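Asker: One structure coming up, written as structure tokens, with questions to follow.
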Amino acid sequence: VSSNMVANIGELQNRGLEINLNVSARKTMNFSWDFNFNLSRVTTTVNSLSGNGYSIGDNGEISIGYFPDAGGCSSHGVNLVQEGAPLGQIQGPVYTGVVQNGQPTHMDLNGDGYYCDCQDDFAVLGNALPKFAFGFGNRFLYKDFELSFLLRGAIGHHKVNAYRIYQEATGSAGWTNLIETPYFNAALTTTHLSSNYVEK
């Protein structure tokens, strides 16, 4: 009666390390200052995309996270979920830097003589999950008053700059503002998700 079902299948493996440091820096009768520093590293590996007699994807991988390109429509998912590989992989074509007739050109990675907008010519362009996450918190108490704040961040990951995909294509000028970044190329009338838009 339905073409879809929800099943609990697949297996992930998480490994990591977390370091937490709490310091009471100053303490008097009316005033105290405590601070905290936290650093963590977690890696997640996709062990399996099957279980209980069911499986998803083809050849142990699936593509997820579709979004349209400027001037066209994306035919593949941004994220590659692959057995035996880390979670968070960003996939896509490798930009050559050459523009033909307003279109970006991409590398032929499988060596068959031409580029196809397909899995055979895609590469892993980065990983969206941070290598390290960290936080630094402070707590000040003075008599009946308290001030607390937390600074947090993440480093060592990649992001797809969707603003550049949508707003660097000169063909998009009719429906959005253009942005001029150091990577702006006025010859590009349409854009396509590629290594050109994956940034640290």
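Asker: Which residues, taken from the stretch 57-86, are surrounded by 13 or more Cβ atoms within 10 Å (Cβ to Cβ), modelled with pLDDT of 85 or more and farther than 18 Å from GLU199 by Cα?
Answerer: Of everything in the stretch 57-86, those that are surrounded by 13 or more Cβ atoms within 10 Å (Cβ to Cβ), modelled with pLDDT of 85 or more and farther than 18 Å from GLU199 by Cα turn out to be GLY60, GLU61, ILE62, SER63, VAL81, GLN82, GLU83, ALA85, PRO86.
Asker: Filter the stretch 25-54 for residues that are among the polar types (S, T, N, Q) and modelled with pLDDT of 85 or more and give the result.
Answerer: Selection gives THR28, ASN30, SER32, ASN36, ASN38, SER40, THR43, THR44, THR45, ASN47, SER48, SER50.
Asker: Out of all the residues in the stretch 1-49, which are under 19 Å from GLU61 (Cβ atoms) and open to solvent by 80 Å² or more (accessible area, probe 1.4 Å)?
Answerer: The answer is GLU11, LEU12.
Asker: For the stretch 146-168, check the following and say yes or no: at least one residue is over 24 Å from the mean Cα position of the chain (by Cα), among the β-branched types (Val, Ile, Thr) and within 25 Å of THR189 (Cβ to Cβ).
Answerer: No, every residue in the stretch 146-168 fails to be over 24 Å from the mean Cα position of the chain (by Cα), among the β-branched types (Val, Ile, Thr) and within 25 Å of THR189 (Cβ to Cβ).
Asker: Testing GLY137 on (1) of a type in the set (Gly, Ala, Ser); (2) at pLDDT below 90; (3) under 24 Å from ILE19 (Cα atoms), one condition comes back false. Which one is that?
Answerer: Looking at each condition in turn, GLY137 falls short on (2).
Asker: Quick test for you: out of LEU151, LEU178, LEU141, pick the one residue that is on the phi < 0 side of the Ramachandran plot and in contact with a Leu (Cβ under 9 Å, 6 or more places away or on another chain).
Answerer: LEU141
The values are calculated or read from the model by the stated rules, or taken from the named source; none is laboratory data. A quick note: this is a predicted structure, and the numbers were derived from the prediction, not measured. Please note: Cβ atoms are built from the backbone with ideal geometry, for glycine as well, and neighbour counts cover all protein chains shown. Surface areas here come from the heavy atoms of the whole protein model, side chains and all, with no ligands, DNA or RNA. Shrake-Rupley method; radii C 1.70, N 1.55, O 1.52, S 1.80 Å.
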